[in-house]
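Novice: Questions regarding the structure given below will be posed in turn.
The values are calculated or read from the model by the stated rules, or taken from the named source; none is laboratory data. Note that the coordinates shown come from a computational prediction; the quantities given were computed from them, not determined experimentally. Here Cβ is always computed from backbone atoms with ideal geometry, including for glycine, and neighbour counts include all displayed protein chains.
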Amino acid sequence: MTTRVERLRDETIGSAPTVSAERAQLLTSFYRDLETTQHPVPVQRALALAHLLEHQSIHIGEDELIVGERGPAPKVVPTYPELCCHTLDDLQSLPTRPKTPFQVDEEARRRYEEEVIPFWSDRSMRQHVFAAMTPEWKAAFDAGVFTEFMEQRAPGHAVLDDKVYRLGFEGFKERIAKAVARFEASDAPDAADRLAQLEAMSICCDAIIRFAQRHAELASELAETATPERREELLRIAEVCRHVPRHAPRTFQEALQTYWFTHLGAVIELNEWDSLSPGRVDQWLYPFYRQDVDEGQLSPNSAKELLACFWLKFSNQPAPPKVDVTEEQSATYNDFTLINVGGVDENGEDAVNELSYLILDVIEEMKLPYTGSCIQLSKTNPDRFLVRALEVIREGFGQPSVFNTDAIHQEFLRAGKSLADARAGGPSGCVTISAFGKESCVLTGYVNWPKVLELTLHDGVDPQTGRQLGPNTGDPRSFAAFDELFEAYRTQLDHFVDLKVEGNDRIARLFAERLPAPFLSVLVDDCIDRGRDYNDGGPRYPTTYIQGVGLGTATDALSAIRDHVFARQTVSMDDLIAALQADFEGFEGLRTKLVRETPCFGNDDDRADEIARRLFDAYFDALDGRPNPNGGTYRVNLLPTTVHIYFGQKVGALPNGRRAGVPLSDGISPSQGADTRGPTAVIRSVGKIDHVRTGGTLLNQRFLPDVLADETSLRKLGDLVRTFFRLDGHHIQFNVVDSETLLRAQEAPEEHRDLIVRVAGYSDYFNNLDRELQDEIISRTAHEEV
Amino acid sequence: MVFDLKRFALHDGPGIRTTVFLKGCPLSCAWCHNPESQRTEPELLFWEDRCTGCGACVTACPVEAVAMAGEKAATDRARCTACGACVPACPEGARAIAGAEWSTDDLVQEIERDLLFFDQSGGGVTLSGGEPLAQVAFAHSILTACAKRRIHTAVDTCGYGAWEDLAALAEVTDLFLYDVKQTDDELHIERTGRSNRPILENLERLDGMGRPIWIRCPLVPGYNDDRSTLDELAAIVKNLSSVRAVHVLPFHRGGQAKSKGLGRECEASQEGDAHAAANAAAEILRLSVGVPVHVGG
């Protein structure tokens, strides 16, 4: 790490996330002045972005090589009142809340009180979303049956392909002009709408070019008073910013800066869930790297420094403050950018290159949890690539995660994507696949499977509140066989999936009509060609996901019922339900029996794994293939972020002996501590789920550092990964840390500021997790060697 | 009689392996890591620190072998039949039975679950113990069944047993992990209870059969880490032609808690820096053995 990088790294890690009201204020004044004019909504949105990019404060840090921030300075984040208008109470509690706090100064509070809140409190999307939901939807939402991603943030989760490096925004404008010509010549009834969309996209292209120009001007100005050495860097930066992203980049540095401005355009336009990702940086940028190195313009070390500066940019942008349930389901600063290395080329051959290894070095050195990274591993990739990645993973900060490119290709093809788009794509965010540059893969919320089971066990009534939330599916005491219970579960599940889908569809149309994203639309095919917005069916593949949560917990709970109540008949349903309602108080003996004698998921025990399969199939049948209102399709994926904690709080005691309020299992991992037969058994269990029919699954495994100490063991871990992938497993990620370290970190957090752990699909500082999530991670089974 | 089956074993031979621990061992090494493997019959394991003194085990025991001794349960081991009735009764999971009868078919079925992991990693199954030679018919039957299914097999042996038995196993085994603990016979007898002569003789004869052998030496500081012992070990290895590697295994305390759990004493050996000692020993062995020397399995 160079001293420059070290300094910038200290700065990003050391500075406290802070709220800036600047964007909110600029946006408010823009819309206030605009109200009398008559622009179509997409053009309004584009002009708003142009206004922001023209007027917001810009920043070039002291030693920076890659420039530009989302807010006025590193770690200072804008807010998005058009999506979620924070209340004064929100702003009051942000600085002092125990986890993911944000500083809010008096000035910001005052501007919110005087300008932002009066204008937006009735106009924000959040208001519209909740107003459009039915009482049934709201009751289920409040009970924690499902969550809603779009109540505070916008559809996003987009990943770039290589277009921007080939075309620049002038190239995009040419494409737009061609589409305009086509629609001008058309007499289609919606041609005017298409032309308005395209006009908006064109305005956005000019806006981002102007934003870069402003940075060029600032860099030139700073150069006048800089030291000779820095002057040279600043003049170079000015030259870079004059050229990109207007034109296609000419150098490695210009290519990185091109992405970064593009990223800023997208995340200033809207607060998307998740933020934009560059995707396969080792592929898109390799031609620039090769050319610069061959021409003697760049050494591998200077490329590494530029990459390190690039890495820091993501770390400077905490996800804007979330509140309420959205904060509960995603309690992290991580904004889920993912950088991918490895995979295959357009011919399906090994695509690992020199830059892939260089990037792994950077991941290892930077150890920045909020710059997410993964490898896309194909059977065509060499073992040394995998082993090098495992060396980085062994460092213990949960990066990079490991994805099965060959299984992902099958997932893409099953979902109707072309082979070419499949090969160019990969995972994004936590784990969900996306055809890079061609898909809106929109995650919309989690469904709490164990909650659905709890409702099934109470004939549709939520025992936490006594409210009837689901249909009457019968008193479980009257069920003669396990299959009757499972059918009742299926009926409840179908009901709540229907409810969630209806809500989603209304929300999707709200975004299409009220909050189009013309900047993002420029980047994603075929928005330009179709003259349609990213939020309105523009992308080639508009996909909607609802994420299933609690597979391990729900499996174990059902397994306990099947084994004890129906198969062995050692426990009556009556006693079991009484015990659940009492949270096992006075039923300790029964609870011991349930905990100790239930076949659990994660042990390669077919009795449990067969139930996991049925649970998966029930969810798949309820959701997969349904049309969404944007001409796309609903798909399933299984991941939790931090919602398994929140959902756990909403579920009472369960038949596997889990007490009320305890976290659910995460992703497709077994219940914490229920897997006792080692990682091969876990992988066999998890491999029985058909990953190919999903858009992503998430498996967390924890290893004690000793197990992986030597090269031979590391290679065997590689074989474990390869075997999981032969079983078509989608993704695996590792925590390599012992419980003692985590316990010590709870005792003395200030001494463990740099301790990073894998949560679920992302890494975070251990100190930034709340106590419950910390405890949950400690309770995960740690694989060891005896 | 099997006392444990461990999947994802990384240090019992090449690749990812399933290790089957057979119960019963002719030696009684003072530092034994798996004391529950020594006797041939099932035994009760009891973790006293988990015991809350609730007395559920006292009620559950059909032969009145368990009674309260102050705050904790105590088991009269002369009376205990290791029937296991107390195990599910204990709410804290403080009790377990080490040792269960397995049929070859069931065992092989269990082993085959990880076939794909073996294929990927060049792994397989390892019979360990206890001592596989102590249950030679069962061991032979497992090894034969695995060989038929093209599963790589290894036998981890202390080498103490009848040559005919070892020769029979060698017919169906791909690799031997052969322990040499001490070259000096008197010292061997002192700390393991048996002479090392049959062990060293068996090793020489096994070498003649041409099966690959990895020599494993559990390094116990103060017992077998001195220069002359290591030189003698190196001399023995140098004279053999089938040895492919030597593994120096750092001493660890894993056995002590288990000994306590069995109601037995275990020598609290001075651990020192076990890894440093093993590394130093490996350095010495590397000077002359002529095959790769590794620290750890």
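Novice: Only residues that are within 11 Å of chain B (Cβ to nearest Cβ) and either part of a loop (DSSP other than H, G, I, E, B) or among the basic types (Lys, Arg) (or both): list them for the stretch A:592-617, please.
Specialist: Within the stretch A:592-617, A:Lys593, A:Arg596, A:Asn603, A:Asp604, A:Asp605 meet the criteria.
Novice: Which helices (runs of 4 or more DSSP H) sit wholly inside the stretch A:692-786 and have at least 2 residues that are buried (at least 17 other Cβ atoms within 10 Å of the Cβ), at negative phi and of a type outside the set (A, V, I, L, M, F, W, C)?
Specialist: Result: A:711-726, A:771-778.
Novice: On to the next question. Is there a residue being within 14 Å of chain A (Cβ to nearest Cβ), out of contact with any helix residue (DSSP H, G or I) (no Cβ under 6 Å at 6 or more places or on another chain) and buried (at least 23 other Cβ atoms within 10 Å of the Cβ) anywhere in the stretch B:152-159?
Specialist: Yes.
Novice: Something else now. State which residue is surrounded by the fewest Cβ atoms within 10 Å (Cβ to Cβ) when the search covers only the stretch A:645-661 and only residues that are of a type outside the set (Val, Ile, Thr) and not in a loop (DSSP other than H, G, I, E, B).
Specialist: Selected residue: A:Gln649.
Novice: If we keep just the residues of the stretch B:84-106 that are of a type in the set (A, V, I, L, M) and either assigned to a strand (DSSP E or B) or over 18 Å from B:Ala60 (Cα atoms) (or both), which is nearest to the other protein chains (Cβ to nearest Cβ)?
Specialist: By that ranking, first place goes to B:Ala96.
Novice: Of all residues in the stretch A:217-239, count the ones that are touching a residue at least 24 places away in the same chain (Cβ under 8 Å) and of a type in the set (Val, Ile, Thr).
Specialist: Number of matching residues: 1.
Novice: Which of the helices (runs of 4 or more DSSP H) contained wholly in the stretch A:315-405 include at least 2 residues that are more than 24 Å from the chain's Cα centre (by Cα)?
Specialist: Helices (runs of 4 or more DSSP H) meeting the threshold: A:354-366, A:383-394.
Novice: What is the one condition in (1) modelled with pLDDT of 95 or more; (2) part of a loop (DSSP other than H, G, I, E, B); (3) within 13 Å of another protein chain (Cβ to nearest Cβ) that A:Leu664 does not satisfy?
Specialist: Answer for A:Leu664: the failing condition is (3).
Novice: Let me ask something else. Could you look through the stretch A:674-691, keep only residues that are more than 10 Å from chain B (Cβ to nearest Cβ) and in a helix (DSSP H, G or I), and pick out the one that is farthest from A:Asn656 (Cα to Cα)?
Specialist: The residue in question is A:His691.
Novice: Do you know which residues across the stretch B:61-87 are within 12 Å of B:Leu44 (Cβ to Cβ) and touching an Asp or Glu at 6+ places or on another chain (Cβ under 6 Å)?
Specialist: Listed by number, the residues that qualify are B:Ala65, B:Ala82.
Novice: Restricting attention to the stretch A:206-218, does a residue exist that is closer than 18 Å to A:Trp260 by Cβ, buried (at least 16 other Cβ atoms within 10 Å of the Cβ) and basic (Lys, Arg)?
Specialist: Yes - at least one qualifying residue is present in the stretch A:206-218.
Novice: Would you point out which residue out of B:Ala78, B:Ala60, B:Ala94, B:Ala69 is free of Cβ contacts under 8 Å to residues at least 40 places away in the same chain and crowded, with 16+ Cβ neighbours inside 10 Å?
Specialist: The match here is B:Ala60.
Novice: Moving to a separate point now. Mind listing just one residue for me: the one in the stretch A:572-591 that is in contact with an Asp or Glu (Cβ under 9 Å, 6 or more places away or on another chain) and within 14 Å of another protein chain (Cβ to nearest Cβ) and, of those, surrounded by the most Cβ atoms within 10 Å (Cβ to Cβ)?
Specialist: So the residue we want is A:Phe587.
Novice: OK, next. Could you tell me whether any residue of the stretch B:192-208 is in contact with a strand residue (DSSP E or B) (Cβ under 8 Å, 6 or more places away or on another chain), away from chain A (no Cβ under 14 Å) and not aliphatic (A, V, I, L, M)?
Specialist: The answer is yes, given that some residue of the stretch B:192-208 is in contact with a strand residue (DSSP E or B) (Cβ under 8 Å, 6 or more places away or on another chain), away from chain A (no Cβ under 14 Å) and not aliphatic (A, V, I, L, M).
Novice: Hey, could you check the stretch B:283-297 for residues that are of a type in the set (A, V, I, L, M) and within 14 Å of chain A (Cβ to nearest Cβ) and say which is nearest to B:Ser241 (Cα to Cα)?
Specialist: Result: B:Val293.
Novice: If you take the residues in the stretch B:107-131 that are more than 10 Å from chain A (Cβ to nearest Cβ) and assigned to a loop (DSSP other than H, G, I, E, B), which one is surrounded by the fewest Cβ atoms within 10 Å (Cβ to Cβ)?
Specialist: The extreme case among them is B:Glu131.
Novice: Now, a different point. Looking at the stretch B:13-24, is at least one residue within 12 Å of chain A (Cβ to nearest Cβ), hydrophobic (A, V, I, L, M, F, W, C) and farther than 19 Å from B:Ile97 by Cβ?
Specialist: Scanning the stretch B:13-24 turns up at least one residue that is within 12 Å of chain A (Cβ to nearest Cβ), hydrophobic (A, V, I, L, M, F, W, C) and farther than 19 Å from B:Ile97 by Cβ.
Novice: Something else now. Just give me the residues in the stretch A:652-661 being more than 14 Å from chain B (Cβ to nearest Cβ) and in contact (Cβ under 8 Å) with a residue 24 or more places away in the chain, in sequence order.
Specialist: Across the stretch A:652-661, the qualifying residues are A:Gly652, A:Ala653, A:Leu654, A:Pro655, A:Asn656, A:Arg658, A:Arg659, A:Ala660.
Novice: Output the qualifying pairs, or none if there are none: Cβ atoms under 9 angstrom, residues six or more apart or on different chains, first residue in the stretch A:1-26 and over 30 Å from A:His55 (Cβ atoms), second residue modelled with pLDDT of 95 or more and aromatic (Phe, Trp, Tyr).
Specialist: A:Val5/A:Trp311; A:Arg9/A:Trp311
Novice: Being over 26 Å from A:His731 (Cα atoms) and within 14 Å of chain B (Cβ to nearest Cβ) is the filter here, so list the residues in the stretch A:742-786 that pass it.
Specialist: A:Val786
Novice: Another question, then. Out of curiosity, is A:Met150 under 27 Å from the mean Cα position of the chain (by Cα) and buried (at least 24 other Cβ atoms within 10 Å of the Cβ)?
Specialist: yes
Novice: Oh, and also: Of all residues in the stretch A:408-449, which are assigned to a helix (DSSP H, G or I) and of a type in the set (A, V, I, L, M)?
Specialist: Matches in the stretch A:408-449: A:Ile408, A:Leu413, A:Leu419, A:Ala420, A:Ala422, A:Ala424.
Novice: Restricting to the stretch A:405-429, and then to whatever is among the polar types (S, T, N, Q) and in contact (Cβ under 8 Å) with a residue 60 or more places away in the chain, can you tell me which residue is nearest to A:Val344 (Cα to Cα)?
Specialist: Restricting to residues being among the polar types (S, T, N, Q) and in contact (Cβ under 8 Å) with a residue 60 or more places away in the chain, the top hit is A:Thr405.
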